[in-house]
Structure formats: C-alpha cells, structure tokens
Amino acid sequence: MIEVRDARKWIQNGARRVDILKGISLTIPPGQFVAIVGASGSGKSTLLGLLAGLDSPSAGEIFLDGVPIHNLAESELARVRGRKIGFVFQSYQLIQTLTALENVLLPYELNVEGNGLKKARQMLDEVGLKERMDHYPVQLSGGEQQRVALARAFVAEPPIVMADEPTGNLDSANGKLVLDLLLERNRRAGTTLVLVTHDPEIASRADRKIVLRDGVVVEDVRAGT
C-alpha cells in the first residue's frame, strides 16, 4: 500500500543544508497499523507529510497504492490525496464557518461522485456525534472536534488513514476514544493506518512500530517479535 525508497528531505539555509530525513526506505502492506515514534525533531511529522503527499521529498521515491507521488504535479497529487488518504491532524483543522456535518461532507463532495449527505450523517453517528451535527467547531469540545475530524477522514472511505499526534491535545478519556475509533476503522474496513505519536501506550497497540532518530530508522519492530 505504501512504499518508500531512500526518501530524503533537507532544507537549504543559505550555504548551509539541514538534513531532516537521511534516507528512509520502508514498505507498509494493506491493512497494517503502523506507529511512527521518536523524540521531537527526529523527523516523524516530516516523514508522515511525505507519505501523505503534503510535502515532496528532496530525493527518493514514494508510492501510494502503486502510484508514484514524489514527482506528481500538484493537481494530480491533490487528486491522489483526495481518493487515497484520510488525514487527522493534532489541531483538528476544522473549518470554523462550517457545521460539523458540513466539515465531514467536504471531502466527499470534492472527491466522490453523488450525494454524500447520508454517508456524512452516518459517519458522525458512528463517532457518537449524532446530536451535534449542526454545531459549529467553536460549540464543540476538543474531543468532539477531533471526532468530527475522524468522521471527515473516514467519509470518502480512503484505503489509507494517516494521523499526526491525533490524541496530543486531548485528555486520556477522549484520547482513548479517538484511538479506539481509529482502530475500529482499521479492523472493520481493513484501512491502512499510519500514526505518529509520542505515547508509548498507543505505540504498543500497533501492528508495527517504527522508531526514528535524527532522520533515520533505528528500529522497526512487528508486534509479537
């Protein structure tokens, strides 16, 4: 489902080059739950951004479901992202002028043929927000906003869901609820789940843990090994 070949990312600061990722190669099969962990500055979020097509590698190749995304034009990249990936951010990234229902409906309208209203309502019901559909983000708690973000990520039924510290801004109860919803989708729909986290408990529930340090993979462990 995801293949990375010697992906590198650097930024140029005048004559000085800062290397963020220093040659990452990995393959993630369909349906696997992968936790990417490491200290701050290790390159976790940078790697996730490359996998999601939110940024381009400075060198190397990245394939999503067989599609090479490292050299796509932005219009094509946006199309692939819309069809292949649901993304969940730590800070929710909801549109404040849209209701919960309208936020969830947006990726469906952009990427899927037909009317997605029934599907959007179903997704909000599944994350426990049936009674909050017409509320705006400012009227929702942090946990509720993140559940709206999950419903938005799930609504177009992408084969891959990526999440960057999705429980980072939540208390333990809401964090557990959000993680359980992600894992339920992973098991029930066979969705490939790639999640960046600082939380060792979350990482312990993954099928596979990839540890980054200073821009390289220093550990890649499957559950039970």
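Nothing in this text is a laboratory measurement; each read-out follows from the coordinates by a stated rule. Predicted model, so just to flag it, every value in this text is computed and none were measured. All Cβ positions, even for glycine, are placed from backbone atoms using ideal geometry, and neighbour counts span all protein chains on display.
Cα-based Rg of region 47-88 per 2.2 N^0.38 Å, rounded to two decimals? Could the numbers behind the result be given before it?
On the way: Rg = 9.3 Å, N = 42, 2.2 N^0.38 = 9.1 Å.
That ratio works out to 1.02.
If you put +1 on each Lys and Arg Cβ and -1 on each Asp and Glu Cβ, how big is the dipole of region 82-213 around its Cα centre, in Debye rounded to 20? List each step's numbers first, then the result.
Values: 17 positive and 17 negative charges, 85 e Å.
In total the dipole reaches around 400 debye.
If you count the DSSP beta bridges with both ends in the chain, what percent of them are antiparallel, to the nearest 5? Walk me through the numbers before you get to the answer.
Values: 23 of 40 bridges.
Around 60 percent antiparallel, to the nearest 5.
Please report the orientation-averaged projected area of region 101-225, defined via the convex hull of its C-alpha atoms, in nm².
Values: hull surface 35.6 nm².
Computing the convex hull of the Cα atoms and averaging its projections yields 8.9 nm².
Inverting the mean 1/r over all pairs of different Cα atoms, compute the Kirkwood radius of region 1-104 and quote it in Å.
Every distinct Cα pair counted, the radius reaches 15.3 Å.
Only four residue types carry charge here, +1 at the Cβ of Lys and Arg and -1 at the Cβ of Asp and Glu. Report the dipole size of the chain about the Cα centre in Debye, rounded to the nearest 20. Numbers along the way, then the final one.
Numbers: 27 positive and 28 negative charges, 54 e Å.
My answer is approximately 260 debye.
Assuming a strict under-22 Å limit between Cα atoms, what lysine pair count do you get for the chain once near-sequence pairs (fewer than 8 apart, same chain) are dropped?
Going through the chain pair by pair, I get 14.
Mind checking the alpha-carbon convex hull of region 91-146 and giving the volume per residue in Å³?
Expressed per residue, the convex hull around the Cα atoms of region 91-146 is 78 Å³.
Limiting things to C-alpha atoms, what are the Rg and the maximum Cα-Cα separation (Dmax) for region 132-192, in angstroms?
Cα-based Rg and Dmax for region 132-192 come out at 11.7, 33 Å.
Using the charge dipole of region 86-174 (Lys, Arg: +1 at Cβ; Asp, Glu: -1 at Cβ; taken about the Cα centre), state which of GLY128, GLN90, VAL138 has its Cα farthest towards the positive end.
Result: GLY128, furthest along the dipole toward the positive end.
Quick one: dipole size for region 1-107, taken about the Cα centre, charges +1 on Lys/Arg Cβ and -1 on Asp/Glu Cβ, in debye to the nearest 20.
Values: 11 positive and 9 negative charges, 57 e Å.
Here the size comes out at about 280 debye.
As a test, work out the antiparallel percent of DSSP beta bridges whose residues both lie in region 109-225, rounded to the nearest 5. Before the final figure, lay out the partial values.
Numbers: 6 of 11 bridges.
Given both bridge residues lie in region 109-225, the antiparallel proportion sits at roughly 55 percent.
Around TYR136, with a cut-off of 12 angstrom between Cβ atoms, what is the net charge of the other residues, counting Lys and Arg +1 and Asp and Glu -1?
Working: positive: ARG132; negative: GLU102, ASP134, GLU144.
Its environment carries a net charge of -2.
Using the Karplus curve 6.51 cos²θ - 1.76 cosθ + 1.60 with θ = phi - 60°, what ³J(HN,Hα) values do you get for each residue of region 199-206, in whole Hz, with x for Gly and Pro?
For region 199-206, the Karplus curve yields 8, x, 5, 5, 4, 5, 8, 7 Hz.
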